[in-house]
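The values are calculated or read from the model by the stated rules, or taken from the named source; none is laboratory data. Since the structure is predicted, the reported quantities are computational estimates derived from the model, not experimental observations. Note that we place each Cβ from the backbone using ideal geometry, even for glycine, and neighbour counts take in every protein chain shown. To get the accessible areas, we keep the full protein, side chains included, count just its heavy atoms, and leave off ligands, DNA and RNA. Shrake-Rupley method; radii C 1.70, N 1.55, O 1.52, S 1.80 Å.
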Amino acid sequence: SRGLGDVYKRQDQIILCNSKMREVSKMLLGTKLQNYTMLHQAISEGNIREEIISMSSDGSVFAFPDGKVWMFQEYQLKDRELAGYRQAIALDVSEIYYNSERIKFNNEKLKTLNQQLEEMYEKIGERIRKQETLAMKMQVHDNFGRSLLTIRRILENKENTEDTLSINKQLDLLRQQVYILSLIHISEPTRQEAIS
């Protein structure tokens, strides 16, 4: 399935061309390959049939109507005895091309999924923070209420030294609860900040 090794002479005459390259060249050009210039112009200048789609900026990869993707390459041969000869190669890169496209598509899907997960984690984190803040506020309010009830009971009884110590202890607890509430209030964004 791989078209390989067409060797051309300096004067544009085809010296050797295998059957796969003849077949691929005919599909590319729409006519039988007669000389090197025809193939070179097709590859480098885009002189190809309408149904063929150039897939690369350098014009060396083409998609054929049968779904195959072929890459063409040209080389000046280096050996001294082959000076002036060029070799053109066609390689079936369909599998590589389609796998690459599949990977690009999957990467885009993964990128979208990652964005959705980040947004979801952010929302979950925000919800957890709100629930924890609410639970903390409820706990502070409960403690606040208990302290006030205790102070009220103490005041309803006759004052003695022990009761004074209890009231001072309850007042200290109230101060702590007020301080905690002020911290919660400071750490919460204001409505305006939350909107912007």
What helix-only [θ] at 222 nm does the chain give? Using -39500 (n - 2.57) per DSSP H run of at least 4, over all residues, to the nearest 500, the answer is -21000 deg cm²/dmol
Expressed as a whole-number percentage, the relative contact order of the chain with C-alpha contacts under 8 angstrom and at least six residues apart is 14
Considering only Cα-Cα distances, which of the following residue pairs are longer than 21 Å: 20/104; 26/68; 109/130; 32/68? 20/104; 109/130
Of [x] 89, 15, 12; [y] 38, 19, 17; [z] 27, 23, 20, which is the value of semi-axes √(5λ) of the Cα gyration tensor in Å derived from the coordinates here? [x]
Angle in degrees between helix 36-45 and the longest Cα principal axis of the chain, rounded to the nearest 10: 20
Provide the net charge surrounding residue 66, with neighbours chosen by a C-beta distance below 12 Å and charges set as Lys +1, Arg +1, Asp -1, Glu -1. -2
Fraction of accessible area attributable to carbon and sulfur, segment 22-179 (%, probe 1.4 Å): 53
Suppose R0 equals 35 Å. What FRET efficiency, 1/(1 + (r/R0)^6) with r the Cβ-Cβ distance, do residue 174 and residue 126 give to the nearest 0.05? 0.65
Please work out the average accessible area per residue across the chain, using the 1.4 Å probe convention, and give it in Å². 75
Cβ under 15 Å from residue 112's Cβ, residue 112 left aside: what net charge do those residues give with Lys, Arg +1 and Asp, Glu -1? 0
